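Enquirer: I'd like to ask some things about the structure below.
The values are calculated or read from the model by the stated rules, or taken from the named source; none is laboratory data. Everything numeric here is computed off the predicted structure, so don't read it as measured data. Note that each Cβ is placed from the backbone with ideal geometry, even for glycine, and that neighbours are counted across all protein chains shown. The protein model used for the area step is the full one, side chains on, heavy atoms only, and it has no ligands, DNA or RNA in it. Shrake-Rupley method; radii C 1.70, N 1.55, O 1.52, S 1.80 Å.
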Amino acid sequence: MALRLDVPPKVVPGAEPGQAKKRRDKPGSWKLALKRDWRLYTLLALPLLYLLIFRYLPMAGNVIAFRQFQPGGSIFGEKWVGFKYITLFINDPSFWQAFQNTIILGVLTLVFCFPMPIIFALMLNELRSQKFKKFVQTVAYLPHFMSVVIIAGMILQNFSMTGTVNQIAETLFGTTVNFTQDPGWFRPMYISSEVWQTMGWGAILYLAALTRVDESLYEAARIDGANRWQQTWHVTLPAIRPTIITLLILNIGTFMAVGFEKILLIYNPLNYATSDVISTYLYRVGLESSNFSYAAAIGMFESVIGLTLILSANAISKRVAGTSLW
């Protein structure tokens, strides 16, 4: 008599009875994250659509930098002209004057406007009166919410021949200065207004970063005999260094894009020697003169420089400080 042995079927761990083994996504994979949090990812649809329509699709228009564009014709130009317009702006002294002014204003903006929010945030962090701190923050934030037109109007009004600044100068020194028409005064006038407008709003990110600093580090520093300045230098600044480096890289990326709207509203032909930058030069030769191919060539040149700057700054920061955007 033969014995019959019933061998139980092999059970696959995690598989349900009667079903084939399913391939599971690895933990941390983007498919699993998308399946789990798809409602949150749908919020990215509109921002991504905006970037696609207004940032990436217009890049196709750069082709007119190498083609002759005529109003009323094809949006991609009529005929291929190669590097004609690039050669034109390279040999144009007006472009290099605007390029020099852009570099100078960009450096001055980076030197004066970038550190001021950090200093302002550190000063606010030292205040003990919460009421006074909130009052100072509110006053400092207000210029950011003002229209550029209002800011430009205030600049022209205060620095005009009969403005507040000249009234004070006449009272103290018995003389007046034509700030709005003197090329030598345009850069101080622009940088000072830019610091006033951006200092308060720019400090918000640093104030948020300061809230994450561990209080035990300050206590340990006080036990070691560190004063307030030493605590700031050895505890606070190293704690917010990643935020500082990230914002510095982003500021370097927009180095060439100095404030077009404000400069356009406050400059004039008498101070073109120091006020005319690439963006205002593009406005005149591109829109006012209807030379769109020439303007596209200059704009592409400016974009290449900006991309090079941000890639270089990111690589240097990653190697030196260990912090980068990607």
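Enquirer: Relative to the Cα centre, what is the charge dipole magnitude of the chain, using +1 at the beta carbon of each Lys and Arg, -1 at the beta carbon of each Asp and Glu, and rounding to the nearest 20 debye? Numbers along the way, then the final one.
Expert: Values: 28 positive and 18 negative charges, 380 e Å.
That gives the chain a dipole magnitude of about 1820 debye.
Enquirer: Pick out which of Gly106, Gly153, Gly73 has the largest mean-square fluctuation in a Gaussian network model of the chain, springs linking Cα atoms closer than 10 Å.
Expert: Residue with maximal mean-square fluctuation among Gly106, Gly153, Gly73: Gly73.
Enquirer: Continuing with the same structure: Calculate what fraction, in whole %, of the accessible area of segment 81-319 sits on carbon and sulfur atoms when a 1.4 Å probe is rolled over the protein chains. Present the calculation step by step, with values, prior to reporting the outcome.
Expert: Values: 8740 of 13060 Å².
The nonpolar share, carbon plus sulfur, comes to 67 percent.
Enquirer: Also, quick follow-up: Among Ile310, Gly174, Ile118, whose Cα lies farthest out toward the positive end of the dipole of the chain, if unit charges sit on the beta carbon of Lys, Arg (+1) and Asp, Glu (-1)?
Expert: Checking the options against the dipole of the chain, the answer is Ile310.
Enquirer: Oh, and also: Hey, could you get me the Stokes-Einstein D for segment 42-113, Kirkwood radius over alpha-carbon pairs, 10 °C and 1.306 mPa s, rounded to whole µm² s⁻¹?
Expert: On the way: Rh = 15.6 Å.
So the translational diffusion coefficient is about 102 µm²/s.
Enquirer: How long, wide and thick is segment 83-164, going by the Cα atoms along their three principal axes, in whole angstroms, largest first?
Expert: Taking the Cα atoms of segment 83-164, the three principal extents are 63, 34, 20 Å.
Enquirer: Count the lysine pairs in the chain whose Cα atoms sit under 17 Å apart, keeping only pairs 8 or more residues apart in sequence or on different chains.
Expert: On the way: Lys10/Lys21; Lys10/Lys22; Lys22/Lys31; Lys22/Lys35; Lys26/Lys35.
Taking the Cα cut-off of 17 Å, the pair count is 5.
Enquirer: Under a GNM of the chain (C-alpha, springs under 10 Å), which listed residue has the highest mean-square fluctuation: Thr198, Thr274, Thr42?
Expert: For the chain, modelled as a Gaussian network with Cα springs under 10 Å, the answer is Thr42.
Enquirer: Using alpha carbons only, how many angstrom separate the centre of segment 260-305 from the centre of segment 214-237?
Expert: Using only Cα atoms, the two centres lie 48 Å from each other.
Enquirer: Another question, then. Would you work out which of Tyr85, Gln231, Ala296 lies farthest towards the positive end of the dipole of segment 81-319? Charges go on Cβ: Lys and Arg +1, Asp and Glu -1.
Expert: Gln231
Enquirer: Let me know the volume per residue of the alpha-carbon convex hull for segment 62-221, in Å³. Could the numbers behind the result be given before it?
Expert: Details: hull volume 37.5 nm³, N = 160.
With only Cα atoms used, segment 62-221 gives 235 Å³ per residue.
Enquirer: Separate question: Which shape class, rounded, prolate or oblate, goes with segment 182-235 when its Cα gyration tensor gives a ≥ b ≥ c as root eigenvalues, a/c under 1.5 marks rounded, and past that a/b bigger than b/c marks prolate? Intermediate results must be reported in sequence, preceding the final value.
Expert: On the way: a/c = 7.14, a/b = 2.53, b/c = 2.83.
Because a/c hits 1.5 or more and a/b fails to exceed b/c, segment 182-235 counts as oblate.
Enquirer: Here's another thing I want to ask about it. Over the Cα atoms of segment 251-292, compute the convex hull volume and normalise it per residue, giving Å³.
Expert: Expressed per residue, the convex hull around the Cα atoms of segment 251-292 is 78 Å³.
Enquirer: log₁₀ I(q)/I(0) of segment 136-208 at q = 0.13, 0.19, 0.20 Å⁻¹, via Debye over equal Cα point scatterers, no solvent, to two decimals?
Expert: -0.47, -0.83, -0.88
Enquirer: Give the span of segment 209-326's Cα atoms along each principal axis, as three whole-Å numbers ordered largest to smallest.
Expert: Rounded to whole Å, the extents work out to 68, 32, 22 Å.
Enquirer: Continuing with the same structure: Can you pull the three principal axis extents for the Cα set of the chain, in Å, largest first?
Expert: Ordered largest first, the chain gives principal extents of 127, 73, 34 Å.
Enquirer: Apply the Debye scattering formula to segment 30-76, with a single equal point scatterer on each alpha-carbon and no solvent, then give log10 I(q)/I(0) at q = 0.28 Å⁻¹.
Expert: Evaluating at q = 0.28 Å⁻¹ gives log10 I(q)/I(0) of -0.96.
Enquirer: Going by accessible area, probe 1.4 Å, with all protein chains left in place, what is the ranking of Ile151, Ile245, largest first? Please list the in-between numbers first.
Expert: Working: Ile151 0, Ile245 25 Å².
Largest to smallest exposure gives the sequence Ile245, Ile151.
Enquirer: Taking square-rooted eigenvalues a ≥ b ≥ c of the alpha carbon gyration tensor, is segment 269-324 rounded, prolate or oblate, where a/c under 1.5 means rounded and, failing that, a/b exceeding b/c means prolate? Can you show the working numbers first?
Expert: Details: a/c = 5.85, a/b = 2.20, b/c = 2.66.
Oblate is the answer for segment 269-324, as a/c is 1.5 or above yet b/c matches or exceeds a/b.
Enquirer: Between Ala45, Ala209, Ala220, which gets the highest mean-square fluctuation from a Gaussian network model of the chain, Cα cutoff 10 Å?
Expert: In this elastic network of the chain, the residue with the biggest mean-square fluctuation among Ala45, Ala209, Ala220 is Ala45.
Enquirer: Could you give the accessible area per residue of the chain, probe 1.4 Å, as a whole number in Å²?
Expert: Working: 21440 Å² over 326 residues.
Heavy-atom SASA per residue in the chain reads 66 Å².
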